[in-house]
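Novice: One structure, pasted below without further comment.
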Ligand SMILES: Nc1nc2c(ncn2[C@@H]2O[C@H](COP(=O)(O)OP(=O)(O)OP(=O)(O)O)[C@@H](O)[C@H]2O)c(=O)[nH]1
Ligand SMILES: [Mg+2]
C-alpha cells in the first residue's frame, strides 16, 4: 500500500452506525479539488483557506442533493497526514454516509486501506512510528492506565528516550570509525574506558525500559486472572459475583462450565480480564476433557491465578496436583486461594495449603469479594512498583524485541572490546544496536513492518 502515496484516498472515519454526524476523511493531492466538484455552497472549496469550515451540499453526478454537509479544509502541510485534507461531516446514518462516500469516490478518489491516513502522516514526517502505534493503542484503550501510557507515547516520551540513547551510540560509533580510518598509523583516538562506560550506560538505560514491559503490556492488554479449581467449587459463581451479573451458568452439577468465559472489569484504572474455566478433574467426557486442556493453557498465560476451593470439602488430589504445578512453574505471589462457600459454616475442613494468600469468600452472599478485588489491585500496584515504574513504559512487543536486540548488540560490542578484537567488530555490533533502536521510531523500516503495523488500524484512521 506504500506505493500509491500520490493518490487521493477517502474513508468513513467514524464508527458505522446511527449517530448525529459521520465524518468522511479525504486526503491527497487532488482531495480538495475532487470534493469541490461535488460540493454546492457559498464558497468554492478549491480556493478555501486552511482550517476553515464550509456549510453546503454534496450532490451526485446528475446534480441531485445527497446530503447537507460541513466540509473542513486543511491544506498541506498543516494537516494530520501532511497532505491536503478535507473532512466531510454529514448526517450520521449508515446509508446516507455510504451515499456521500460513493459520490466522492466517483470523482476518482480511491477507498483508503486500514491505517492509511496514519501511514501517510508517518511517511510525511508528521509523527514517528512509535507515535503512530500509540494512536492505535489510544483508540483501543479500555482502561485509564492503557489510556495514560498510550497518551505518553503519542506525546513522544518513548521517542525522546530512544533518540537519546541512540544518539549517544552514534557518537561512540563515530569515534571508533574515525580510529579505524587511521588504523595504519596506529593512533588510539578513543578513550577505551570512557567508551566502555558509555556503552554500559546505554545497556542500563535499555534494561530499565525492558523492565517496564511486564507491566506496560499488562496495562495495555489487561491483567489476566484465571479462576481455577475442581468442579462445583464455585468458580462461575465467583465470576458472577465479581461482575455483579449472572454472566456464567451456575448449577450444582459438577462439570457445568465446559469452555472458558472471559469478562473484563476495571479496578482503579487497570483492566482485569477474569477468566472462568472448566473444573479440573479426571473425566471420560471428551468435551469436558477439551475444556480442561484449555484451562491448563489459560493457567500458563495468566498473571494471577485464583484457586477456588470449596471450604466444606477436604483438599482433593486434583487440587494438590494443581498446586504442585504452580509451585514448580509460578511465582507464588501470583496465587490467591478463594476458600469459597464460607456461608455454609459446616464443620470447617482445614485447608492445609501453605502457598498463596487465602481469602474466605462466599459467592452467594458476596462475602470476601471486596477483599479479593483489593488483593487483585494490590498485586498489580506492588508488582509495578517493584519493577520500578519509569516515566516511559514499554507496552508494545515490537518495541520490546527491538530493545532486546539492541541490548544484545551492545553486550557483544563490550565483549569484543574486552577481547581486544578489531574495531570493525565493535562497529558492526553497535550498528546492529543503533538500527534496532531506529526500528522503534521508524528510522529504519521495511514495507513488511509498515504493513504489519498499519493493517491493524481501522479504516479511516
Ligand atoms: N452456599 C454456597 N454455594 C455456592 C457458593 N458458590 C457456589 N455455590 C454453589 O455451588 C454450586 C456450583 O457452583 P458453580 O459456580 O457452578 O461452580 P463451578 O466451580 O463453576 O463448577 P464447574 O463449572 O462445574 O466447574 C452451585 O450450586 C452454586 O450455587 C457459595 O459461596 N456458597
Ligand atoms: Mg463453572
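Novice: Would you compute, from DSSP H runs of 4+ residues alone, the mean residue ellipticity of the chain at 222 nm, taking -39500 (n - 2.57) per run and dividing by the full residue count, rounded to the nearest 500?
Specialist: Theoretical 222 nm ellipticity from helices: -15000 deg cm²/dmol.
Novice: I need the calculated FRET efficiency for the pair residue 449 and residue 29, taking r as the beta carbon distance and R₀ as 41 Å, to the nearest 0.05.
Specialist: 0.95
Novice: Let me ask another. Figure the gain on full extension for residue 365 and residue 16 (residue separation times 0.36 nm, minus the Cα-Cα span) and round it to one decimal in nm.
Specialist: Here the segment from residue 365 to residue 16 would lengthen by 121.4 nm.
Novice: Full-extension gain between residue 256 and residue 170, please, as 0.36 nm times their residue separation minus the C-alpha to C-alpha distance.
Specialist: Computed gain between residue 256 and residue 170 is 24.9 nm.
Novice: Scaled to the compact-protein estimate 2.2 N^0.38 Å, what is the alpha-carbon radius of gyration of the stretch 233-355, rounded to two decimal places?
Specialist: Taking the Cα Rg and dividing by 2.2 N^0.38 Å, one obtains 1.05.
Novice: Where Rh is the Kirkwood radius over the Cα pairs of the chain, the temperature 37 °C and the viscosity 0.692 mPa s, what D in µm²/s does Stokes-Einstein return?
Specialist: D, rounded to a whole number, is 124 µm²/s.
Novice: Right, here's the next one. Would you give the gap between the C-alpha center of the stretch 239-294 and the C-alpha center of the stretch 22-66, rounded to a whole Å?
Specialist: 53
Novice: Note down the nm distance, to one decimal, between modelled labels 7 Å out along Cα→Cβ at residue 408 and at residue 264.
Specialist: A separation of 3.3 nm, rounded to one decimal place.
Novice: Round to a whole angstrom and tell me the spacing of the C-alpha centers of the stretch 190-205 and the stretch 96-125.
Specialist: 48
Novice: Once the principal axes of the Cα atoms of the stretch 360-461 are found, what is the range along each, listed largest first in whole angstroms?
Specialist: 71, 45, 21
Novice: Same structure again: When averaged across all projection directions, what area in nm² does the alpha-carbon convex hull of the stretch 157-282 cover?
Specialist: 13.5
Novice: How far apart, in nanometres, would the label points at residue 155 and residue 178 be if each is projected 7 angstrom from Cα along the Cα-to-Cβ direction?
Specialist: 3.7
Novice: Okay, moving on. Working only with C-alpha atoms, what are the Rg and Dmax values of the stretch 41-193, expressed in angstrom?
Specialist: 24.5, 81
Novice: Sticking with this one: Would you order 238, 404 from fewest to most other beta-carbon atoms within 10 Å of each residue's own beta-carbon?
Specialist: Lowest to highest Cβ neighbour count: 404, 238.
Novice: Ranked from highest to lowest mean number of other Cβ atoms within 10 Å per residue, what is the order of the peptides 143-153, 7-17, 127-137, 171-181?
Specialist: 127-137, 143-153, 7-17, 171-181
Novice: Express in nm, to one decimal, how much length is gained between residue 197 and residue 419 on full extension, taking 0.36 nm for each residue of separation and deducting their alpha carbon distance.
Specialist: Answer, rounded to one decimal: 78.3 nm.
Novice: For the stretch 93-179, take the convex hull of the Cα atoms, compute a quarter of its surface area, and give me that in nm², please.
Specialist: Result: a mean projected hull area of 9.3 nm².
Coordinate-derived values only; no laboratory data. Keep in mind it's a predicted model, so treat the numbers as computed, not measured. Cβ coordinates were reconstructed from backbone atoms using ideal geometry, including for glycine residues, and neighbour counts include every protein chain displayed.
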